[in-house]
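Participant: The following block contains the structure, expressed as structure tokens.
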Amino acid sequence: MTLENPEKPKPESAKTVELAERVRNAAALKYAKNLTDAELAELFNVSVHTIPDWKKRKEWNETVRKLSGQQLCETFDEVRAMAPVAREVLFELLRDGPPAVKLKIAQMICEWGIKTHI
């Protein structure tokens, strides 16, 4: 907000934009490589005490939320891609497996069928 026009947002300074980008990059590195605060501080040439402040910023939270959402989608896609192989393994075990395994698979399939149709 500016004093002249309370509706008009204040323009961001180059320093503010640069800090936001550094925070996003630090969050991405923390998420992807699980770096410690000390390692992040060294990489970004800041005090180790700065990193907890960065973690409170919206850019940090937005970056982590975005990356975790992407990872969840990728994981879901990978699991779905494995489903045909898993189904084939279950069929083989139902045909040729030991009786205890056959029973367990049959129970699991029946329970799943009941849960998904109620």
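Participant: Mind counting the residues in segment 29-43 that are under 20 Å from the mean Cα position of the chain (by Cα) and under 19 Å from residue 18 (Cβ atoms)?
Facilitator: Residues flagged as under 20 Å from the mean Cα position of the chain (by Cα) and under 19 Å from residue 18 (Cβ atoms) within segment 29-43 amount to 3.
Participant: Polar (S, T, N, Q), more than 27 Å from the chain's Cα centre (by Cα) and part of a helix (DSSP H, G or I): does that describe residue 107?
Facilitator: yes
Participant: Name, by its number, the condition in (1) open to solvent by less than 80 Å² (accessible area, probe 1.4 Å); (2) assigned to a helix (DSSP H, G or I) that does not hold for residue 47.
Facilitator: Of the numbered conditions (1) open to solvent by less than 80 Å² (accessible area, probe 1.4 Å); (2) assigned to a helix (DSSP H, G or I), the odd one out for residue 47 is (2).
Participant: Turning to a different aspect of this structure: Find the residue count for segment 44-97, including only residues that are within 16 Å of residue 23 (Cα to Cα) and either of a type outside the set (A, V, I, L, M, F, W, C) or touching a Cys at 6+ places or on another chain (Cβ under 8 Å) (or both).
Facilitator: Residues that pass the stated criteria total 16.
The values are calculated or read from the model by the stated rules, or taken from the named source; none is laboratory data. All values reported here derive from a predicted model rather than from experimental measurement. Ideal geometry is used to build each Cβ from the backbone, glycine not excepted, and the neighbour counts take in all protein chains shown. Just the protein is used for accessible areas: all its heavy atoms, side chains included, with ligands, DNA and RNA removed. Shrake-Rupley method; radii C 1.70, N 1.55, O 1.52, S 1.80 Å.
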